[in-house]
Amino acid sequence: MIRVRVIEVVDETEAVKCFRLARCDGEPLGLYPAGAHIDVTGPTGITRQYSLCGPPYEADSYLVAVKRESMSRGGSAALHERTGVGSELTISEPRNLFGLAPEAGQHVLVAAGIGVTPLLSMAQQLHSEGKDFRLHYFARSREQAAFTALLERAGFADRVRFHFGVPRHDQADALAGILSGLDRGAHVYTCGPKEFMERVSQTATGFLPEDQVHLEHFQAIEPPGEPGEEFELEIDTGEVFTVPADRSIVDILEENGYPVDTSCREGICGTCVLQVLGGEPDHRDNCLTRKEKAAGDQIAACVSRSRGPRLVVEL
């Protein structure tokens, strides 16, 4: 974890504040891949994940945008109300679960609301590399859309399309118009409310293979089906533990003296991912990609379970 100081605060909208962070020791924070996120521990001790939305090639500071959630449990509210220039916070190293596909012939970025944050860093990276891309930004209104001024004056402004005030029942047609003419080598990236991303994914997979459509989740989804059956968990020391139906792999490992690095405990951030050596995971997370889940050699230990009587993992 890294101690940082807030060096700038900007009100992007009535509900969104941007915080620029620099290391307390004066050293550069370092480069990061476009689409990456960090854990931010706020003044109340609550940790949340926020996408880095500044240029990935600028190492001196990091920029995050925080939307104040109406049902905040103390994370976003504390950052909005109790964090200003000079405040000190703790952050993690950047992690990337939403990277750009190097093989893509074209990149299509589709954002809704605060979901523009990881796509903004992607747009800046793609522009710096001279890659073919478009950024489509859906929001209820211009006033509620963050970074509009920045996007309008950016060197890639001609690649940005704003879609303000599109009713939900019209979004499917708008998305079909955006995605229907793509080359087979294009990749689509989307971030925003769950229903919006589902709409983008359903539309995009009508024209492109599923593994060329990438989603970034800010919120956990409900686990599929029943809580799950009890199963045995074997670790690479040969020890075997029982995971009851109402406990997680992380819970049982910690209880037996094997702490696992965690952050969100909701299957979003990817901190707790372990290697699977045997058995079949029952994936209930939003951090592994479809391809990674199909391979079956990783598991998000905070939420996912086993489809069979025994799962073997490497610590």
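The values are calculated or read from the model by the stated rules, or taken from the named source; none is laboratory data. A quick note: this is a predicted structure, and the numbers were derived from the prediction, not measured. Neighbour counts are summed over all protein chains in view; Cβ atoms, including those assigned to glycine, are modelled from backbone coordinates with ideal geometry.
In summary, ALA111 fulfils each of the numbered conditions (1) outside the structural domain of LYS17 (by TED's automatic domain parsing); (2) among the hydrophobic types (A, V, I, L, M, F, W, C); (3) assigned to a helix (DSSP H, G or I) with the single exception of condition (3).
Can you work out which of the residues in region 185-219 that are part of a helix (DSSP H, G or I) and among the hydroxyl-bearing types (Ser, Thr, Tyr) is farthest from GLY113 (Cα to Cα)? Give the steps one after another, and end with the answer.
Taking region 185-219 first, the residues part of a helix (DSSP H, G or I) are 194-204, 210-212.
Subset that is among the hydroxyl-bearing types (Ser, Thr, Tyr): 201, 203.
Numbers: SER201: 17, THR203: 19 Å.
Here the answer is THR203.
Exactly one residue out of CYS302, CYS287, CYS264, CYS269 is touching a helix residue (DSSP H, G or I) at 6+ places or on another chain (Cβ under 7 Å) and not assigned by TED's automatic domain parsing to the domain that holds ASP211, and it is CYS302. Filtering region 244-260 for residues that are of a type in the set (S, T, N, Q), surrounded by fewer than 21 Cβ atoms within 10 Å (Cβ to Cβ) and within 24 Å of PRO118 (Cα to Cα) leaves an empty set.
Out of PHE241, PHE218, I need the residue that is at pLDDT 90 or above and aromatic (Phe, Trp, Tyr). Which one?
On the way: PHE218 fails: at pLDDT 90 or above.
Every option except PHE241 fails the conditions.
When residues in region 17-43 are screened for being assigned to a strand (DSSP E or B) and among the aromatic types (Phe, Trp, Tyr), 1 of them pass. Among the residues of region 1-16, those that are of a type outside the set (A, V, I, L, M, F, W, C) and in a loop (DSSP other than H, G, I, E, B) comprise GLU12, THR13, GLU14. Scanning region 87-104 for residues that are under 12 Å from TYR50 (Cβ atoms) and part of a loop (DSSP other than H, G, I, E, B) returns SER92, PRO94. Can you find a residue in region 60-74 that is surrounded by 23 or more Cβ atoms within 10 Å (Cβ to Cβ) and touching a residue at least 60 places away in the same chain (Cβ under 8 Å)? Scanning region 60-74 turns up no residue that is surrounded by 23 or more Cβ atoms within 10 Å (Cβ to Cβ) and touching a residue at least 60 places away in the same chain (Cβ under 8 Å). Within region 44-86, the set of residues being in a strand (DSSP E or B) and modelled with pLDDT of 90 or more comprises TYR50, SER51, LEU52, TYR62, LEU63, VAL64, ALA65, VAL66, LYS67. In region 136-153, the count of residues that are at positive phi, surrounded by fewer than 19 Cβ atoms within 10 Å (Cβ to Cβ) and outside any helix (DSSP H, G or I) is zero. Checking each residue in region 241-260 for being touching a helix residue (DSSP H, G or I) at 6+ places or on another chain (Cβ under 9 Å) and closer than 18 Å to ARG307 by Cβ picks out PHE241, THR242, VAL243, PRO244, ARG247. Contact map, region 218-243: first residue surrounded by 11 or more Cβ atoms within 10 Å (Cβ to Cβ), second residue at pLDDT below 90 and polar (S, T, N, Q), Cβ cut-off under 7 Å, separation 6 or more or different chains; pairs are ALA220/ASN286; ILE221/ASN286.
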